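The values are calculated or read from the model by the stated rules, or taken from the named source; none is laboratory data. Computed from a predicted structure; not experimentally measured. Backbone-built Cβ (ideal geometry, glycine too); neighbour counts: all protein chains shown.
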Amino acid sequence: MKQKTDVQQGTLALMVLKTLDVLGSLHGYGIARRIEQISGDLLAVNQGTLYPVLLKLEQEGAIASEWGASENNRRARFYRLTREGRKQLQVETQDWEQTAAIIGRFFDAKAEDLS
């Protein structure tokens, strides 16, 4: 059985935005399960961490929400990406890609490259 790790601080908001971008409107539980599924079940999304991130993203205008019925006919809040959220996703994606490229250089570096 695989050991699940917590999502690193600062990455959950980006994962939420990308999940909503790809899958459209989802309720909080659905967002958490999709993030875990996309990670190959290597990440664990804690509800106590997810909902403050959803609230923060909504306050920033990156996502919007409305009440609806879930698959099992329970009342749930569904979140969707806004135009501002798409812009934020694009900027954050570029930032993460640049950061990953920089870190990749360190992993690829050899002693002879630094002489």
- line: Given the conditions (1) closer than 18 Å to His27 by Cα; (2) surrounded by 10 or more Cβ atoms within 10 Å (Cβ to Cβ); (3) of a type outside the set (S, T, N, Q); (4) in contact with a strand residue (DSSP E or B) (Cβ under 8 Å, 6 or more places away or on another chain), every one holds for Trp67 apart from (2)
- request: Quickly run through segment 67-85 and pick out the residues that are among the polar types (S, T, N, Q) and in contact (Cβ under 8 Å) with a residue 24 or more places away in the chain.
  value: Ser70
query: Quick check: anything in segment 39-61 part of a strand (DSSP E or B), exposed (fewer than 13 other Cβ atoms within 10 Å of the Cβ) and of a type outside the set (Val, Ile, Thr)?
result: no
query: How many residues does segment 42-54 hold that are farther than 20 Å from Gly24 by Cβ and of a type outside the set (Gly, Ala, Ser)?
result: 6
message: Being outside any strand (DSSP E or B), modelled with pLDDT under 95 and farther than 15 Å from Gly10 by Cα is the filter here; which residues of segment 62-93 pass it?
response: Ser70, Glu71, Asn72, Asn73, Arg74
Filter pass, Glu92 being buried (at least 16 other Cβ atoms within 10 Å of the Cβ) and either touching a helix residue (DSSP H, G or I) at 6+ places or on another chain (Cβ under 7 Å) or aromatic (Phe, Trp, Tyr) (or both): yes
field: Residues of segment 86-102 satisfying the condition of being free of Cβ contacts under 8 Å to residues at least 24 places away in the same chain and either aromatic (Phe, Trp, Tyr) or closer than 30 Å to Leu55 by Cβ (or both)
entry: Lys87, Gln90, Val91, Gln94, Asp95, Glu97, Gln98, Thr99, Ala100
task: Mind counting the residues in segment 18-66 that are in contact (Cβ under 8 Å) with a residue 40 or more places away in the chain and polar (S, T, N, Q)?
output: 3
